[in-house]
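Peer 1: The following block contains the structure, expressed as structure tokens.
The values are calculated or read from the model by the stated rules, or taken from the named source; none is laboratory data. Computed from a predicted model, the values in this text were never measured in an experiment. Quick reminder, even Gly has a Cβ in these numbers, built from the backbone with ideal geometry, and neighbours come from all protein chains shown. To get the accessible areas, we keep the full protein, side chains included, count just its heavy atoms, and leave off ligands, DNA and RNA. Shrake-Rupley method; radii C 1.70, N 1.55, O 1.52, S 1.80 Å.
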Amino acid sequence: MCIPKRKPWPGDDIYWTKADWKDAAILPPPEDWGGGIPGGKLPADTELFDPAKGTPIRWPMRFTIARWAALLSGLPTGSYDLCCRTIDATGLLNRCLARS
């Protein structure tokens, strides 16, 4: 959801239930895990990873950060605040506000 920059959200909707949310795609896990790990691959005995493939058994993994992407077409030129939310496997809602 994008709202024009510095426009206050209505006080009667503190949980943003009336927002025009757009779906985003969760991007796949990285092929190179970085962090100085040799070859960018995690050790074969890493918990919750497939030892043969070196990839997570389930993605996104709990308590991790996953990259996502969404195309927001039709927005007029201007400054916006980007608002996002996640809903985990149990239905728990989290939200954030990214200001630029």
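Peer 1: Return the residue satisfying two criteria in turn: it lies in the stretch 70-94 and is under 14 Å from the mean Cα position of the chain (by Cα) and of a type in the set (Val, Ile, Thr), and of such residues it is least open to solvent (accessible area, probe 1.4 Å).
Peer 2: Thr86
Peer 1: Now, a different point. Quick check on the stretch 50-62. Is at least one of its residues among the hydrophobic types (A, V, I, L, M, F, W, C), exposed (fewer than 10 other Cβ atoms within 10 Å of the Cβ) and free of Cβ contacts under 8 Å to residues at least 60 places away in the same chain?
Peer 2: Yes: one or more hits.
Peer 1: Which of the residues spanning the stretch 35-49 are surrounded by 12 or more Cβ atoms within 10 Å (Cβ to Cβ), not hydrophobic (A, V, I, L, M, F, W, C) and not in a helix (DSSP H, G or I)?
Peer 2: Residues satisfying the conditions are Lys41, Thr46.
Peer 1: So which residues in the stretch 55-85 are among the β-branched types (Val, Ile, Thr), under 24 Å from Lys41 (Cβ atoms) and modelled with pLDDT of 85 or more, if there are any at all?
Peer 2: Across the stretch 55-85, the qualifying residues are Thr55, Ile57.
Peer 1: Moving to a separate point now. If I filter the stretch 1-34 down to residues being β-branched (Val, Ile, Thr) and assigned to a loop (DSSP other than H, G, I, E, B), which single residue comes out as farthest from the chain's Cα centre (by Cα)?
Peer 2: Ile14
Peer 1: Still on this structure, please answer the following. Inspect all residues belonging to the stretch 16-25 and state whether any of them is loosely packed, with under 10 Cβ neighbours inside 10 Å and in contact (Cβ under 8 Å) with a residue 60 or more places away in the chain.
Peer 2: No, the stretch 16-25 has no match at all.
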